[in-house]
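What follows is a single structure, written as structure tokens, with notes after it.
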Amino acid sequence: MIVILFNSIFFGQNSYSQRSILLNETNQQIIKNDDLKKQNDILEFEIENAQVSNEHVENFAREKLNLSYPDEEFISFEDQKSIKDEK
């Protein structure tokens, strides 16, 4: 009887190795969830600002969508990191 119990504890479905694997997966999922919560907070902030302020909408259109008035010239600068990474 004791051998069967030890076998199930160390090699069965509910063994310590399975427990450590599940704990590791749980910790990884917690990290992913925290990152998604941060992204959601940022999006929520952007949406609230867009609903309240027309200036925010105009700023978003200029920076993210590269939109400008017909008589304006749009100039953008590339990050030095991206140039170094490409080389």
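The values are calculated or read from the model by the stated rules, or taken from the named source; none is laboratory data. This is a predicted model, so every value here is computed, not measured. Positions of Cβ are backbone-derived with ideal geometry, glycine not excepted, and every protein chain shown enters the neighbour counts.
Return the pairs, sorted by first residue and then second, in which the second residue is small (Gly, Ala, Ser) and assigned to a helix (DSSP H, G or I), the first residue lies in segment 1-19 and is without any contact (Cβ under 8 Å) to a residue 12 or more places away in the chain and exposed (fewer than 10 other Cβ atoms within 10 Å of the Cβ), the beta carbons are less than 8 Å apart, and the residues are 6+ apart or on different chains.
From segment 1-19, the pairs are Asn14/Ser8.
Restricting attention to helices (runs of 4 or more DSSP H) lying wholly within the chain, give those where 1 or more residues are of a type in the set (Phe, Trp, Tyr) and modelled with pLDDT under 75.
Working: elements: 2-11, 16-52, 54-63, 80-86.
Counting at least 1 such residues, we get 2-11.
Mind telling me which of the residues Gln29, Gln39, Gln18 ends up being in contact with a Gly (Cβ under 9 Å, 6 or more places away or on another chain) and either more than 30 Å from Lys64 (Cβ to Cβ) or polar (S, T, N, Q) (or both)?
Gln18
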